[in-house]
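First up is the structure itself, then whatever we jot down about it.
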Amino acid sequence: VVVGAGFTGLEAAAALAGRGKVVLVDRSEVVGHQLGTGPRQAIEAALDRLGIERRLGTTVTGVGDDWAALSDGTKIPADAVVWSAGQRASALTAQISDGLDTLDRIPLDRRLRSVHAEIFVAGDAAAAPADAGHTVMQACQHATPLGKVAGYNAMADLLRIPLRNFTPGPYVTCLDLGAAGGIFMRGWERRVLAVGEHGAEIKRKIMASLHPPVDNAELILAAADKVHIDMPCFPC
Ligand SMILES: Cc1cc2nc3c(=O)[nH]c(=O)nc-3n(C[C@H](O)[C@H](O)[C@H](O)COP(=O)(O)OP(=O)(O)OC[C@H]3O[C@@H](n4cnc5c(N)ncnc54)[C@H](O)[C@@H]3O)c2cc1C
């Protein structure tokens, strides 16, 4: 039983599908509620292909050693219950700001400085402006450049040299759906650009690009100098 049909729950359910029967539970009436309508059809087709049962508009009311009870009154025998709901930033953020956003993140200006305290923030704790009307996602494609700019600006502030603005590259999402391949999407409305094996190949390239060099000073400095992760070139 996988609880939460968001990004993580969908990937977990798809990865487990080859090992036995998977039941995906979400209190929303649709899968991938936060991903919007763009990829929904492709996600549903992949779940059908993988034989993943959905219990939507339902939540978990109890979990035991080998069962999960649902709000529709059913009790499902389960070898494992995977919890993938309730995304939150670290509780440490409450010590820094009392104006946290709905994910408990610290509101920042474009230079990644807290609007309430003399502190720079990066990664999943950062509620930084991405572009007009959007705040960054709790995702590595934002976490990595946030770290570079926050680190640079903290030093620049100490050295009294100009700070730089955080300007992320175009937003993309890539969902790994195991044996059903992947779904690659572009933009905040998550327009589907690739599905199946092509989508999975793009996801593999993205994952490979996330690991920074660790033992070569020249490569480390070259990577640090780039503000964005290079996403695979893809025609819009
Ligand atoms: C299951 C899952 C799948 C994901 N898939 C994707 C994906 O496909 N694409 C994508 O873009 N994003 C994905 N993400 C999100 C991505 O992993 C995060 O956005 C990113 O890792 C955040 O980076 P971070 O540095 O802020 O935090 P983390 O990567 O969580 O790093 C925080 C580090 O700080 C350490 N730490 C914590 N507290 C302390 C302390 N008190 N003292 C010292 N060290 C401490 C932790 O051990 C950890 O090493 C996924 C996340 C999850 C959980």
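Computed from the coordinates by the stated procedures, all read-outs in this text should not be read as laboratory data. This is a predicted model, so every value here is computed, not measured. Cβ: placed from backbone, ideal geometry, glycine included. Neighbour counts: every protein chain shown.
Here is how the numbers come out for the structure above:
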quantity	calculated
The range 133-161 versus the range 55-131: alpha-carbon centroid distance in Å	21 Å
Backbone N under 15 Å from the Glu53 label point (7 Å along Cα→Cβ), restricted to the range 69-86	69-81
Loop-located GluC sites (Glu not before Pro) in the range 1-105 whose Cβ has at most 12 other Cβ within 10 Å (DSSP)	Glu29
Calculated FRET efficiency for the pair Arg19/Arg204, C-beta based, R₀ 22 Å, to 0.05	0.55
Full-extension gain in nm, Ala217 to Val30, via 0.36 nm per residue minus C-alpha separation	62.6 nm
Cα convex hull volume per residue for the chain (Å³)	162 Å³
Lys, Arg +1 and Asp, Glu -1 on Cβ, resulting dipole of the chain about Cα centre, debye, nearest 20	380 debye
Charged-residue dipole, Cβ positions (Lys, Arg, Asp, Glu), the range 150-224 about Cα centre, Debye nearest 20	260 debye
Pair Ala179, Thr37: separation of 7 Å Cα→Cβ label points (nm)	3.3 nm
Per-residue [θ]222 nm for the chain (sum of -39500 (n - 2.57) over DSSP H runs n ≥ 4, rounded to 500)	-8500 deg cm²/dmol
DSSP bridge pairs, the chain: antiparallel proportion in percent, nearest 5	65 percent
